[in-house]
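Contents: one structure, followed by commentary.
The values are calculated or read from the model by the stated rules, or taken from the named source; none is laboratory data. Source: prediction; values computed, not measured. All Cβ positions, glycine included, derive from the backbone under ideal geometry; neighbour counts span all protein chains shown. The accessibility values were calculated without ligands, DNA or RNA, using every heavy atom of the protein model including side chains. Shrake-Rupley method; radii C 1.70, N 1.55, O 1.52, S 1.80 Å.
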Amino acid sequence: MIPRTLFDADLEGFRDSVRKFLEQEAAPYHEQWEKDGQVSRELWRKAGELGFLCPTMPEEYGGVGADFRYSAVIMEEISKAGLSGIGWGLHSDIVAPYILNYGSEEQKRHYLPKLASGEMIGAIAMTEPGAGSDLQGVKTTAVREGDHYLLNGSKTFITNGQLADLVVVVAKTDPKEGAKGTSLLLVETTWDGFEKGQNLNKVGMKAQDTSELFFQDVKIPVGNLLGSMEGQGFFQLMQELPAERLQVALTAVAAAEAAWQWTLDYVKERKAFGKPVIAFQNTRFKLAELKAEITAARVFTDRCLELHLDKKLDIPTAAMLKQHTTDLQCKVMDECVQLHGGYGYMWEYPIARAWADSRVQRIYAGTNEIMKEIVARSF
Ligand SMILES: Cc1cc2nc3c(=O)[nH]c(=O)nc-3n(C[C@H](O)[C@H](O)[C@H](O)COP(=O)(O)OP(=O)(O)OC[C@H]3O[C@@H](n4cnc5c(N)ncnc54)[C@H](O)[C@@H]3O)c2cc1C
């Protein structure tokens, strides 16, 4: 075992309280939430009361001013428990930082306390039916008319899309331009012309509401542009995406560690040919190989977390980390399903859900092919 050095006793105490909260308030209901296609709002409110939402936001904006390790603990515990419906990572550590880092004082005072309390749920809408990897191809427009923008277009695959109250929308404020014409806007989902589409039927992450969004002449006050002027959207996205990729990596490694442990427990119990499945050399070697790979990924991820805490995690390193850890997560899930035999394919077994949940990690937050492009461009 290589001990983790970034988490002291305070953080481990915090980890225990997050775990207990999830065991009591989320795990017993998650199966129902899978049927509902979303988790309950009540869960968000309770988490807000306990400071589990937006913990890194400064106290003046409703947070507790914690460092990112506290967020990492929350993400890891959700991931280990397989509670893939809970979209707090995106809300707390992607949406809120956009407002903190680029928002006006008024935007911060207005929105951040509501996000921290769970009164508002956040989402970010980049992807469109015709533009995912190639964000310069975004067709949604926000055209200025006096003291507001008129937003038109549509988005798809938006995490927290059904529950969301506030969406950071990527739109062209200058449709003639590519990256230079792109801006981010804070859009409330109750505004006229904002419509939530279908809650999409996914292969995994069944309790996560992932949705289409439609905008028809949504009037956005000019004060809801993120940043001091139009056209900064691409720069803002590039600055924030490494943190998002680190988050994906943290959840990937935590999920892989959990799956490995469930599998070890299972093969010790399960018998074939008169002996436990762990007695076969293939089982022991597979688990040994996976253990080595997971350990290497854990050390890599923790080092990147440390770099992020020092504000030194660069774009190619974060891309490399996201690609490597999510490829590994999918490999681990696949091998662990195999070691469970037919039971591994049954939804009631956590490993089956974890296998289905893992697949998207190689697709969102930038596909792993795009990650390799980013790395290769840095040579
Ligand atoms: C469950 C889920 C949740 C999501 N949540 C969000 C969210 O909250 N907000 C949001 O904005 N989006 C979200 N997404 C969207 C996700 O980020 C996109 O699906 C992803 O970026 C890929 O875009 P695409 O689907 O358009 O695929 P495409 O861009 O069409 O890619 C298709 C294939 O082509 C490959 N490809 C594309 N360009 C290149 C290239 N230059 N070189 C090599 N290969 C390439 C891709 O890697 C992929 O294999 C989510 C998606 C899912 C499935």
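Here are some notes:
- So residue 244, is it open to solvent by 40 Å² or more (accessible area, probe 1.4 Å) and touching a Lys or Arg at 6+ places or on another chain (Cβ under 9 Å): no
- Scanning region 284-322 for residues that are open to solvent by 70 Å² or more (accessible area, probe 1.4 Å) and either without any contact (Cβ under 8 Å) to a residue 40 or more places away in the chain or among the basic types (Lys, Arg) (or both) returns 284, 285, 289, 291, 303, 310, 311, 312.
- Any hit, region 174-184, residues being open to solvent by 10 Å² or more (accessible area, probe 1.4 Å) and touching a Lys or Arg at 6+ places or on another chain (Cβ under 6 Å): no
- Hits in region 326-369 - residues which are within 16 Å of the ligand (Cβ to nearest atom), open to solvent by 30 Å² or more (accessible area, probe 1.4 Å) and of a type in the set (A, V, I, L, M): 360, 363
- Cβ-Cβ distances below 6 Å connect the following pairs, each with a first residue in region 323-344 that is in the same structural domain as residue 282 (by TED's automatic domain parsing) and of a type in the set (Phe, Trp, Tyr), a second residue that is crowded, with 16+ Cβ neighbours inside 10 Å and modelled with pLDDT of 95 or more, and a separation of six or more residues or different chains: 343/349.
- Residues that are open to solvent by 10 Å² or more (accessible area, probe 1.4 Å) and part of a loop (DSSP other than H, G, I, E, B) within region 68-89 comprise 81, 82, 84, 86, listed in sequence order.
- Only strands (runs of 3 or more DSSP E) whose full extent lies in region 148-231 are considered here, and the ones with at least 2 residues that are more than 14 Å from the ligand (Cβ to nearest atom) and over 17 Å from the mean Cα position of the chain (by Cα) are 148-159, 182-188, 194-199, 210-221.
- Region 232-283, subset assigned to a helix (DSSP H, G or I) and of a type in the set (Phe, Trp, Tyr), residue nearest to residue 302 (Cα to Cα): 260
- Residue within region 177-189 that is of a type in the set (Lys, Arg), at pLDDT below 95, outside the structural domain of residue 41 (by TED's automatic domain parsing) and out of contact with any Phe, Trp or Tyr (no Cβ under 6 Å at 6 or more places or on another chain) present: yes
- The condition (being within 16 Å of the ligand (Cβ to nearest atom) and either farther than 29 Å from residue 3 by Cα or in a helix (DSSP H, G or I) (or both)) is satisfied by just one residue among 286, 372: 372.
- Checking each residue in region 1-46 for being assigned to a helix (DSSP H, G or I) and among the β-branched types (Val, Ile, Thr) picks out only 18.
- Of all residues in region 102-126 being over 14 Å from residue 187 (Cβ atoms) and assigned to a loop (DSSP other than H, G, I, E, B), the one that is farthest from the ligand (Cβ to nearest atom): 104
- Filtered residues of region 127-144 (kept if open to solvent by 30 Å² or more (accessible area, probe 1.4 Å) and hydrophobic (A, V, I, L, M, F, W, C)): 143
- In region 266-279, the residues that are hydrophobic (A, V, I, L, M, F, W, C) and open to solvent by 60 Å² or more (accessible area, probe 1.4 Å): 273
- Here residue 374 meets the list (1) open to solvent by 10 Å² or more (accessible area, probe 1.4 Å); (2) within 18 Å of residue 78 (Cα to Cα) almost entirely, failing just condition (2).
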